[in-house]
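Read through the structure below, which is laid out as structure tokens, and then see the notes.
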Amino acid sequence: MDDNERIDTVVGQWAAERPDVDLAAMTLMARLSHAADLVNARIERLAKEYGVSRADGDVVLTLRRSGEPYRLSPTAIARSLLMTTGTMTGRLDRLEKLGLIARVPNDTDRRGVDIQLTPEGLRQSDIAITRHNDLLKEISGLLTPADRIELDQLTRQLVSGIGALEP
């Protein structure tokens with residue numbers, strides 16, 4: 001039984017138990033959620049090939065996309081990744097041990113520290129982002145170009161709508 005059949009089975013069980021409930025939204029969200037889980041699992045496996053978690057890789061790639069000198073404050077990195085600075089410490093420690101980042105003094109605040117990609121971090125991030133993008137192209141290539149455009153528009157609309165529902 002494939003994943004779609006498993007989702008259909010679950011929804012079918014609910015339909016049998018609660019025929020009064022319209023389950024179209026449940027079916028759609030189950031498929032979207034499962035698709036996201038499958039993509040995230042593939043990205044996590046790719047990150048492990050580099051000896052990091054996806055979350056650690058996000059830090060390295062955030063520094064890379066920030067442009068030269070590939071240097072940001074821990075607060076700026078945390079803000080970019082929608083996380084707390086407390087969560088950053090462990091990630092930064094791991095990445096520093098791997099030689100991908102360095103803690104360097106802040107130019108304007110002697111008490112502050114910035115995080116900068118090392119030459120090895122820059123090299124590995126360039127390889128990783130190419131492989132990451134290739135993976136995403138492979139996955140999105142399962143759809144036609146027209147379907148990709150439509151799905152992008154629909155998910156953009158969904159993300160905006162969900163964001164508007166939040167208090």
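The values are calculated or read from the model by the stated rules, or taken from the named source; none is laboratory data. A quick note: this is a predicted structure, and the numbers were derived from the prediction, not measured. Methodologically, a virtual Cβ is constructed for each residue, glycine included, from the backbone with ideal geometry; neighbour enumeration extends over all protein chains shown. Quick note on the areas: whole protein, heavy atoms, side chains included, nothing else; ligands and nucleic acids left out. Shrake-Rupley method; radii C 1.70, N 1.55, O 1.52, S 1.80 Å.
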message = Quick check on region 34-75: of everything there that is part of a helix (DSSP H, G or I) and among the hydroxyl-bearing types (Ser, Thr, Tyr), which residue is nearest to Glu138 (Cα to Cα)?
response = Thr62
ask   = What about Gly86, is it open to solvent by 50 Å² or more (accessible area, probe 1.4 Å) and either among the basic types (Lys, Arg) or in a helix (DSSP H, G or I) (or both)?
value = yes
Sole exception among (1) part of a loop (DSSP other than H, G, I, E, B); (2) touching a Ser or Thr at 6+ places or on another chain (Cβ under 8 Å) for Arg148, by number = (1)
inquiry  = Six or more apart or on different chains, Cβ atoms under 8 Å: show the pairs whose first residue is in region 1-25 and more than 17 Å from Asp37 (Cβ to Cβ) and whose second is outside any helix (DSSP H, G or I) and at pLDDT below 95.
reply    = Thr9/Met1
inquiry  = Give all pairs with beta carbons closer than 9 Å in which a residue from region 70-85 that is in contact (Cβ under 8 Å) with a residue 40 or more places away in the chain and aromatic (Phe, Trp, Tyr) meets a residue that is part of a strand (DSSP E or B) and open to solvent by less than 60 Å² (accessible area, probe 1.4 Å); count only pairs at least 6 apart in sequence or on separate chains.
reply    = Tyr70/Gln116; Tyr70/Leu117
key: Unmet criterion (only one of (1) closer than 17 Å to Ala47 by Cβ; (2) open to solvent by 40 Å² or more (accessible area, probe 1.4 Å)) for Glu68   = (1)
inquiry  = Give all pairs with beta carbons closer than 9 Å in which a residue from region 150-167 that is under 16 Å from Ala25 (Cα atoms) meets a residue that is open to solvent by less than 80 Å² (accessible area, probe 1.4 Å); count only pairs at least 6 apart in sequence or on separate chains.
reply    = Thr155/Leu32; Leu158/Leu32
request  = Find the residue count for region 111-142, including only residues that are of a type in the set (A, V, I, L, M, F, W, C), under 15 Å from the mean Cα position of the chain (by Cα) and open to solvent by less than 50 Å² (accessible area, probe 1.4 Å).
outcome  = 3
request  = Of all residues in region 136-150, count the ones that are of a type in the set (A, V, I, L, M, F, W, C) and over 20 Å from Ile43 (Cα atoms).
outcome  = 2
Hits in region 95-110 - residues which are open to solvent by 50 Å² or more (accessible area, probe 1.4 Å) and either among the polar types (S, T, N, Q) or modelled with pLDDT of 95 or more (or both) = Glu96, Lys97, Leu98, Arg103, Thr108
